[in-house]
Amino acid sequence: MRRALPAALALLALLASAGTASAAIRTATDDQGRTMRFSVEVPGTSIEPYADVLRKSIHGDEISRVTVRIVSFQAMRRICGSDAGACYGGRRHPRIVIPAEKDNLARVLLHEYGHHIDATHANGRLPEPNGTPRWYAARHIGQRLHTGFLALDYSHGWSRSVPEIFAEDYVQLQLKVPYRIRGLKPPSAAVLRALRLDLTGSAAGPPPVEPPSTPLVIHRSGTLAPDQSFEVPFGLLGPGRRVQLRTTVTGAGGPAVARVEIRCDGTTIGQGQASDGVPVDLDLQNQGPGDCRTVVTGVSGSAGYDLELTLSIETAPASPFAAALASLTHGTAGA
């Protein structure tokens, strides 16, 4: 049930026209009247079990842009690879290739449809495949990519590939089955809520939600020695976010200096240096989505610090999608 690797994708493209030329193309509709397409390449196979799984799935208009190829087990192995149970591929003409002789049909088909969801739902400026914005932030994907724990491809293996984690989380959203990703906990209730919010609107964009009436404000204070750091993690679950930070430093028994940074997905998006009587004020607009953190590091002298972080949604966003993505979250602080 892995996503097709480049060689298999190339083979899928080559076989697409030949495979469907002699196949019976059948259609069904979901509960909203959207067309679902099936290429039946094993005579006598009914499309209804496949159509029923997709009808019950969480999906949108993208369901009409994929063809489910129902092939023999041997043909699936030739197309997808000898270790695969099914596969997804094709940018211009997306296809799910699945064998007719499949016992755990719902799980396999939903996993591959999760890849189709991933491919058809944008996640800011990030290269595909990358999941969906709220899911990406709730799963801390940006931080895990930065540390090298995960990859957008298969360079770290199947279980540490972002598209496979997204596809398996999509399965977990709808089926109570054992989680197949090794080394990562199953999606929490918060992750599943984030994913559901990403998918319950139209396929053309994120679902419209009312922005919170008041910004989220986080206060932290403490002391730092030189080279000691303090972090406040937080998440931006969509674009059009405003991040405001004010940090003051007071020397303990002498002058003190501290460096202040805001990092998102491993990139510094704002920084400054605070000292006695000279605070740092950062006002960053049109940010997100991303896994972020505020980092205060002592440079010289022992210092007391006071930090106020304000997260809000732009009232007049530069991005047309910013007003629609209105959910904010923040991680637990270390103090």
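The values are calculated or read from the model by the stated rules, or taken from the named source; none is laboratory data. None of the values given here were measured: they were computed from a predicted structure. Reconstructed Cβ throughout: ideal geometry from the backbone, glycine too, with neighbour counts over all protein chains shown.
Taking the condition within 27 Å of LEU197 (Cβ to Cβ) and either among the hydrophobic types (A, V, I, L, M, F, W, C) or out of contact with any strand residue (DSSP E or B) (no Cβ under 6 Å at 6 or more places or on another chain) (or both), does GLU101 pass? Judged against the criteria, GLU101 is not a match.
Scanning region 115-137 for residues that are of a type in the set (Gly, Ala, Ser) and either within 8 Å of the chain's Cα centre (by Cα) or at positive phi (or both) gives GLY124, GLY131, ALA137. Would you check if ARG95 is crowded, with 17+ Cβ neighbours inside 10 Å, among the basic types (Lys, Arg) and either in the same structural domain as GLY266 (by TED's automatic domain parsing) or farther than 26 Å from PRO289 by Cβ (or both)? Yes: the conditions hold for ARG95. Hey, among the residues in region 68-79 that are of a type outside the set (D, E, K, R) and surrounded by fewer than 19 Cβ atoms within 10 Å (Cβ to Cβ), which one's nearest to ASP169 (Cα to Cα)? Among those residues, the one meeting the criterion is PHE73.
Do you know which of the residues in region 55-95 that are farther than 28 Å from LEU197 by Cα and of a type in the set (D, E, K, R) is modelled with the highest pLDDT? Reasoning before the result, please.
Going residue by residue through region 55-95, those that are farther than 28 Å from LEU197 by Cα are 69-85.
Subsequent filtering for residues that are of a type in the set (D, E, K, R) retains 69, 77-78, 83.
Numbers: ARG69: 97, ARG77: 91, ARG78: 93, ASP83: 84.
In this case the residue turns out to be ARG69.
Among the numbered conditions (1) at pLDDT below 95; (2) outside any helix (DSSP H, G or I); (3) surrounded by fewer than 17 Cβ atoms within 10 Å (Cβ to Cβ), the only one that ASP52 does not meet is (2).
PRO163 - would you say it is more than 12 Å from the chain's Cα centre (by Cα) and under 22 Å from ASN104 (Cα atoms)? In short, no. Considered as a group, the residues in region 281-329 that are exposed (fewer than 15 other Cβ atoms within 10 Å of the Cβ), over 19 Å from GLN271 (Cα atoms) and not β-branched (Val, Ile, Thr) include one that is modelled with the highest pLDDT, and that residue is ALA316.
In region 137-160, how many are of a type in the set (Gly, Ala, Ser), touching a residue at least 12 places away in the same chain (Cβ under 8 Å) and closer than 23 Å to GLY89 by Cα? Reasoning before the result, please.
Keep residues of region 137-160 that are of a type in the set (Gly, Ala, Ser), which gives 137-138, 142, 148, 151, 155, 157, 159.
When the remaining residues are screened for being touching a residue at least 12 places away in the same chain (Cβ under 8 Å), the result is 137-138, 142, 159.
From the residues that got through so far, the ones that are closer than 23 Å to GLY89 by Cα too are 159.
Result for region 137-160: 1.
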